[in-house]
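First the structure, in the form of structure tokens, and then the observations on it.
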Amino acid sequence: MYILKSMIVSGFFLLTLNSCNQPTSKTQAHAATTETAPSLTIDGNYVTAEYEKRAEGFDWVGVTIKSEQDSSITIQVRSRADKKKPTCTLDKNATKIKEGVYQASLQGKNVLFTFDGTSLTIAPEKSEDEGILNYYCSGGGSLAGTYKRIAEALDATQVDSLK
């Protein structure tokens, strides 16, 4: 009887010791899900859909984004300037409020710059403030909308100078 009790106690001890050294599948799964997602690359040039038809004389707007070291970005909006006076111009800094979303104050109204990897959407924080985005464009234009990311620089023969 004494031998049987000793074997049971030894078995529990070995089982306990073994379970301390073997991570469970739940622990491994949790460790895999806590890895941080890669940060979104936003630097570059974004253009309106009309940019693809620029050779046909279409007016277009481009946005150049440059990240700064303090979690802010520099935004430069320029438009076609070779045929007529540029329609849209803006130079502004925006502050990161969460991953992929930056905020700038234009005429006292908050404007959001939202990035998803392939595009940029410019919109007011409050829909009733959308008119503020017309202030930076002439001829009824607006900065509001979605801009597609392009891999190359803006067409230097057409764009208003980026100062």
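Of all residues in region 115-144 being among the hydroxyl-bearing types (Ser, Thr, Tyr) and in contact with a Leu (Cβ under 7 Å, 6 or more places away or on another chain), which is farthest from GLU50 (Cα to Cα)? For region 115-144, the residue satisfying everything is TYR136. Among the residues of region 24-38, not a single one is part of a loop (DSSP other than H, G, I, E, B), under 31 Å from the mean Cα position of the chain (by Cα) and modelled with pLDDT of 80 or more.
Among strands (runs of 3 or more DSSP E) entirely within region 75-160, having at least 3 residues that are free of Cβ contacts under 8 Å to residues at least 60 places away in the same chain and closer than 23 Å to ASP43 by Cβ singles out 90-98, 101-106, 109-115, 119-124. Here's a check for you: in region 55-106, which residue that is among the basic types (Lys, Arg) and crowded, with 18+ Cβ neighbours inside 10 Å is modelled with the highest pLDDT? It comes out as ARG78.
The values are calculated or read from the model by the stated rules, or taken from the named source; none is laboratory data. Just so it is clear, the model here is predicted, and its values are computed rather than measured. Positions of Cβ are generated from backbone atoms using ideal geometry, with glycine treated the same way; all protein chains shown enter the neighbour counts.
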